[in-house]
Amino acid sequence: MNEFENKVVIVTGGSSGIGKSICEEFCKLKSKVIIIDKDKSNTNCDFFYQGDLTEKDVLIDFSKKVIEKYDKIDFLINNAGLSKGGLLSCDLDDFLYVQKLSLSAPFALTKLFLNNFNNNAAIINIASTRAFQSQKDWESYSAAKGGIISLTHAMAVTLKGKVRVNSISPGWIDTVCSELSRSDIHQHPTNCVGEPVDITNAVLFLCSKKAKFITGQNIIIDGGMSKLMIYHNDEGWTYSEEV
């Protein structure tokens, strides 16, 4: 038996992208995978709940159904998130929606499952390098991802001795098999753009017994992109001022 067999794993936003990759790998390892997402999932999970994580009633109903069916939880992967723009393109309701999805929902689910975590349980929050660097008009997403990193170390302290809590900050992860240019690749010191499995592997490690001494940490997985300074005419990139 591998260490993940029969473990109960909750993945938010597990129907696509990084979340889907995480679910598929846990399924291969014979875990009991639970997905909550607004969109239907084609992953062969153990239990699927369709609902909006920004709605309080959805969170409460989902947690009740999970507890009734499984009682104990081993891993909570808070992956769901999106951007609705920033100062130039989103209103306050849009901004708050992103915070509810990426920040309030992980807090609420942790609280709702507080008495149902198994021994050696782990929470993994999917953050982003956007917490540290941003593009124009990305305030809603950057703020949420910065918040989840702070929430991670705060929860790790509160849940000490009970649940380990860590976050992962992906960089550029190609979730749609894009056609990548030479300069896309060379702006990464690893000479490759990330794939969902690169994040999934880190999630599995942080949930495993090998990570028993790791909590309250944020791990950046971006192929070294955030460490490479690129100027005009570096690595195949040229600067062109927008008119």
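Across the range 190-219, what is the total count of residues that are within 12 Å of residue 126 (Cβ to Cβ) and outside any helix (DSSP H, G or I)?
First, the residues of the range 190-219 that are within 12 Å of residue 126 (Cβ to Cβ): 196, 199-200, 202-203, 206, 218-219.
Next, only the ones that are outside any helix (DSSP H, G or I) stay: 218-219.
Residues meeting the conditions: 2.
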Legend entry - Test: residue 200 is over 20 Å from residue 135 (Cβ atoms), touching a helix residue (DSSP H, G or I) at 6+ places or on another chain (Cβ under 6 Å), of a type in the set (Ser, Thr, Tyr) and at pLDDT 95 or above: yes
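Only one residue in 209, 227 is of a type outside the set (A, V, I, L, M, F, W, C), within 30 Å of residue 114 (Cα to Cα) and surrounded by fewer than 20 Cβ atoms within 10 Å (Cβ to Cβ), so which one is that?
On the way: 227 fails: within 30 Å of residue 114 (Cα to Cα).
209 is the lone residue from the list that is of a type outside the set (A, V, I, L, M, F, W, C), within 30 Å of residue 114 (Cα to Cα) and surrounded by fewer than 20 Cβ atoms within 10 Å (Cβ to Cβ).
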Inset, instruction - Could you check how many residues of the range 151-172 are free of Cβ contacts under 8 Å to residues at least 24 places away in the same chain and closer than 17 Å to residue 80 by Cα? - result: 0
Legend entry - Leading residue by the ranking (farthest from residue 29 (Cα to Cα)) among those in the range 157-191 that are exposed (fewer than 15 other Cβ atoms within 10 Å of the Cβ) and of a type in the set (A, V, I, L, M, F, W, C): 180
Inset, instruction - Just give me the residues in the range 113-147 being of a type in the set (A, V, I, L, M) and either surrounded by fewer than 18 Cβ atoms within 10 Å (Cβ to Cβ) or at pLDDT below 95 (or both), in sequence order. - result: 114, 131
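The values are calculated or read from the model by the stated rules, or taken from the named source; none is laboratory data. Fair warning: this is a prediction, and the values are worked out from it, not measured in the lab. As a convention, Cβ positions derive from the backbone with ideal geometry for all residues, glycine included, and neighbour counts pool all protein chains shown.
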